[in-house]
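Each remark here refers to the structure printed beneath this line.
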Amino acid sequence: MKETNATDNIKVGIDKINFYTPNHYLDLVDLAEARGVDPNKFLIGIGQSKMSVAALDQDIVAMAANAAEPMLTDNERQEIGLLVVATESGIDQSKAAALFVQDLLRLSANLRAIEIKEACYGATAGIQLACDYVRSHPGRKALVIASDIARYGLATPGEVTQGAGSVAMLVTRNPEILAIEPESFYESRSTGDFWRPNYSTVAFARGKFSEEVYVGMFEELWDKAQELGSANPESLQALLLHIPFSKMGRKGLRTLGNGKIDEADYMRLTERFEQSIVYGKEVGNIYTGSIYLALLSLLENDESLKPGDRIGLYSYGSGSVAELYFGTLQPGYTQRLDAQTHRAMLDGRERLSMSEYEAMFSAELVRDGSEQDLGRSDHAANAPHYLAGMKAHERQYR
Ligand code: CAA
């Protein structure tokens, strides 16, 4: 739980939010048929319908810059004093992805640019750090970008839970979208539920165990928050959960059923949960950005929420770190949203055949220092940034 201090009464939180996902997807019915699985296992059992697939030129840096580019004004580019890129799909063992992103976004040099990694929890660490930063630095803003490509490998149990995308959030004082409460509930414990060794381009998971840890940590944090009066269900209009696939979030939420909380409260949270998974079901797992894609999905697809409504967020990162925190919707938050553009981006993606998907998944960057020119996979106006190729072991961005 967070200690309280004198700056806690300054309102801080998410002022702007945007997302980008690559312009190719695989329909999960095609995947099911190719893998000899009943499509309903993926559509209902896992609860996903499509997954975005990233070509080599849309790596986590390009996607991060594409997510943030349209939402920043020239003034904001100067005011940002902290840039966090959260990812578990890092492109360099040493240099922070944030430095490439700073350059692509033409941000001021007067900032701290760092990368945070803790599986799917990284962006929440970034958001909390950003809130502390803007509380203690009047006049400065923080940009937090969650960017990931979820890869488990062809014909693995996790294959259906892959995806790719980035969510960018501007964190400020007096935010226009979500004011974040200073008190939050968190826990860390070393577990072997999901990991990716340095030598591997795909993750390893003990799938069922990872589900148990996710749910167990949620129950513990919920109970702790409730004991201390923060998770009062009547005061909560929605509860967002990390969504590696929509069934996972549903399993977490279900622990509040069976009389644990009042039936009317449970129904309300369940109905709102449906709006929070609209985008994720079509994008797939974007690891650390998933819960923030769920936030955007809720705000852009639910018409009954209003300013002053309180929302809970349960963030889970394998390995494992979990945090439950709360925020309040701000007056005029709907003016910060752009459902039409996001829907057009999802609907405008090109459907891949199985062989195109497998080829795109298996494509690799050169590793021997030779030059490689990549084609450009996304010519849309919302994808100005891309990886052009490799030269002398360095990524070349445009
Ligand atoms: N119709 C409807 N439902 C069906 C069905 C059918 N024809 N066939 C099967 N199902 C259901 C099953 O009953 C099961 O439902 P429940 O989970 O409610 O029991 C569901 O479909 C999944 O089927 P399986 O139990 O056979 O699961 P699986 O062996 O195929 O693996 C998985 C599923 C474990 C999630 C696997 O995809 C995986 O390992 N994923 C990666 C790990 C992961 O995402 N873990 C989540 C927690 S960790 C985390 O959140 C961090 C992160 O982002 C990675």
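The values are calculated or read from the model by the stated rules, or taken from the named source; none is laboratory data. In this text the structure is predicted, and so the values were computed from the model without any measurement. Glycine gets a Cβ as well: all are built from the backbone with ideal geometry, and neighbour counts include every protein chain shown. Side chains included, ligands, DNA and RNA excluded: accessible areas come from the protein's heavy atoms. Shrake-Rupley method; radii C 1.70, N 1.55, O 1.52, S 1.80 Å.
Do the conditions hold for residue 115, that is, is it in a helix (DSSP H, G or I) and either within 16 Å of the ligand (Cβ to nearest atom) or in contact (Cβ under 8 Å) with a residue 12 or more places away in the chain (or both)? No: the conditions fail for residue 115. I'm checking my understanding of the structure. Among residues of the stretch 234-247 that are more than 8 Å from the ligand (Cβ to nearest atom) and open to solvent by 30 Å² or more (accessible area, probe 1.4 Å), which one is nearest to residue 123 (Cα to Cα)? Ranking the qualifying residues of the stretch 234-247, first place goes to 237.
When the stretch 193-212 is examined, which residues are found to be out of contact with any Phe, Trp or Tyr (no Cβ under 8 Å at 6 or more places or on another chain) and closer than 20 Å to residue 245 by Cα? Across the stretch 193-212, the qualifying residues are 207, 208, 209, 211, 212.
Being away from the ligand (no atom under 16 Å from the Cβ), assigned to a helix (DSSP H, G or I) and either of a type outside the set (D, E, K, R) or modelled with pLDDT of 95 or more (or both) is the requirement here; does residue 231 meet it?
Numbers: away from the ligand (no atom under 16 Å from the Cβ): yes; assigned to a helix (DSSP H, G or I): no; either of a type outside the set (D, E, K, R) or modelled with pLDDT of 95 or more (or both): yes.
When the stated conditions are applied, residue 231 does not pass them.
Can you go through 312, 308 and tell me which one is more than 27 Å from residue 122 (Cβ to Cβ), outside any helix (DSSP H, G or I), at pLDDT 95 or above and away from the ligand (no atom under 16 Å from the Cβ)? Let's see the steps before the verdict.
Working: 312 fails: more than 27 Å from residue 122 (Cβ to Cβ).
Residue meeting the stated conditions: 308.
Residues that are closer than 21 Å to residue 9 by Cα and open to solvent by 10 Å² or more (accessible area, probe 1.4 Å) were ranked within the stretch 136-159; the one that is nearest to the ligand (Cβ to nearest atom) is 141. Against the test of being surrounded by 18 or more Cβ atoms within 10 Å (Cβ to Cβ) and among the polar types (S, T, N, Q), the options 40, 75, 23 yield a single qualifying residue, 23.
The single residue among 213, 202 that is without any contact (Cβ under 8 Å) to a residue 60 or more places away in the chain and not assigned by TED's automatic domain parsing to the domain that holds residue 70 turns out to be 202.
Rundown of residues vs (1) over 16 Å from residue 285 (Cα atoms); (2) within 16 Å of the ligand (Cβ to nearest atom), yes/no style:
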position	(1), (2)
16	yes, no
20	no, no
28	no, yes
36	yes, yes
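Under the condition of being under 19 Å from the mean Cα position of the chain (by Cα) and either among the charged types (D, E, K, R) or part of a loop (DSSP other than H, G, I, E, B) (or both), the residues counted in the stretch 194-207 number 3. With respect to being within 21 Å of residue 125 (Cα to Cα) and touching a residue at least 12 places away in the same chain (Cβ under 8 Å), residue 361 falls outside the description. Of all residues in the stretch 163-202, how many are open to solvent by 10 Å² or more (accessible area, probe 1.4 Å), within 14 Å of the ligand (Cβ to nearest atom) and within 19 Å of residue 86 (Cβ to Cβ)? Result for the stretch 163-202: 3.
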